[in-house]
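J.: Let me begin by handing over the structure; questions about it come next.
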Amino acid sequence: MDASEQSKESPERSELVSEDGKNIKAVLCQRCGSKVLCPGMAVFAEKELFLPSMRKKSGTFGSDGSDGDTLTSFWLVHDMFDFENVGFTNDVGRIKYLICADCEIGPIGWHCLDDKKSYYIAMERVNHE
């Protein structure tokens, strides 16, 4: 894959993050295009989190020892009412995974029940427009 192909798949951070650290573009589901977040509703955060591989909701995210990815670039949302469209899985330990509320693909993000004000959306698992 050459540099021009790579930039189509993963835009430069400067194209996505404003000077004050917020999302410049809307955040969309990769599968159905549903809007997850409007521009300016999340803050860029670097945190190392493991998310199970993407699939349609089955209620067993992370509980079957499935494969996944350790990701480090996220949109951090402090209030669940800032989302336009997001769903939550059943609890997996102290974690709820975030999914698209329309097509139920996920997980696109992560929320720890111990921290009521931190909802993480993986930048690699959503589109920006």
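The values are calculated or read from the model by the stated rules, or taken from the named source; none is laboratory data. The shown structure was predicted, so the numbers you read here are calculated from the model rather than taken from an experiment. Cβ atoms come from the backbone with ideal geometry, glycine included; neighbour counts cover every protein chain shown. Protein only, heavy atoms only, side chains kept; ligands, DNA and RNA dropped before computing areas. Shrake-Rupley method; radii C 1.70, N 1.55, O 1.52, S 1.80 Å.
J.: May I ask you to list the residues of the range 35-50 whose amide nitrogen lies under 12 Å from a point 7 Å from Cα along the Cα→beta-carbon direction of Ser118?
T.: Within reach of a label on Ser118, which here means backbone N under 12 Å from a point 7 Å along Cα→Cβ, the range 35-50 contributes 45-49.
J.: In whole Hz and in residue order, list the ³J(HN,Hα) couplings for the range 23-32 that follow from phi through the Karplus curve 6.51 cos²θ - 1.76 cosθ + 1.60, θ = phi - 60°; x for Gly and Pro.
T.: Those phi angles translate into 6, 7, 10, 5, 9, 10, 5, 5, 7, 10 Hz.
J.: I'd like the accessible area for Val17, computed on protein heavy atoms only with a 1.4 Å probe and all protein chains in place. Round to 10 Å², please.
T.: 30
J.: Now for a different question. Looking at this model, which pairs from Lys56/Lys96; Lys47/Lys96; Lys22/Lys96; Lys22/Lys47; Lys96/Lys116; Lys56/Lys117 are more than 21 angstrom apart at the alpha-carbon? Let's see the in-between values first.
T.: Details: Lys56/Lys96 15 Å; Lys47/Lys96 17 Å; Lys22/Lys96 24 Å; Lys22/Lys47 16 Å; Lys96/Lys116 11 Å; Lys56/Lys117 26 Å.
Violating the 21 Å limit, Cα to Cα: Lys22/Lys96; Lys56/Lys117.
J.: Let me cross-check Arg13: its accessible surface, 1.4 Å probe, with only protein heavy atoms counted, in Å² to the nearest 10?
T.: Its heavy atoms expose roughly 110 Å² to the probe.
J.: Sticking with this one: Defining a contact as two alpha carbons under 8 Å apart and six or more residues distant in sequence, what relative contact order in percent does the range 62-129 show?
T.: Rounded, it is 32 percent for the range 62-129.
J.: I've got another one for you. Would you list His78, His111 from the most to the least accessible area, probe 1.4 Å?
T.: His78, His111
J.: Here's a follow-up. Taking a 1.4 Å probe, which of Cys100, Cys38, Cys32 shows the most accessible area, and what order do the others take after it?
T.: Sorted by accessible area, descending: Cys32, Cys38, Cys100.
J.: Next question, about the same structure. Taking a probe of 1.4 Å, how large is the accessible area per residue of the range 84-123, in Å²?
T.: Ligands and nucleic acids excluded, the result is 41 Å² per residue.
J.: Between Ala101 and Lys22, what FRET efficiency comes out of the Förster formula 1/(1 + (r/R0)^6) with R0 = 30 Å and r the beta carbon distance, rounded to 0.05?
T.: That gives a FRET efficiency of 0.85.
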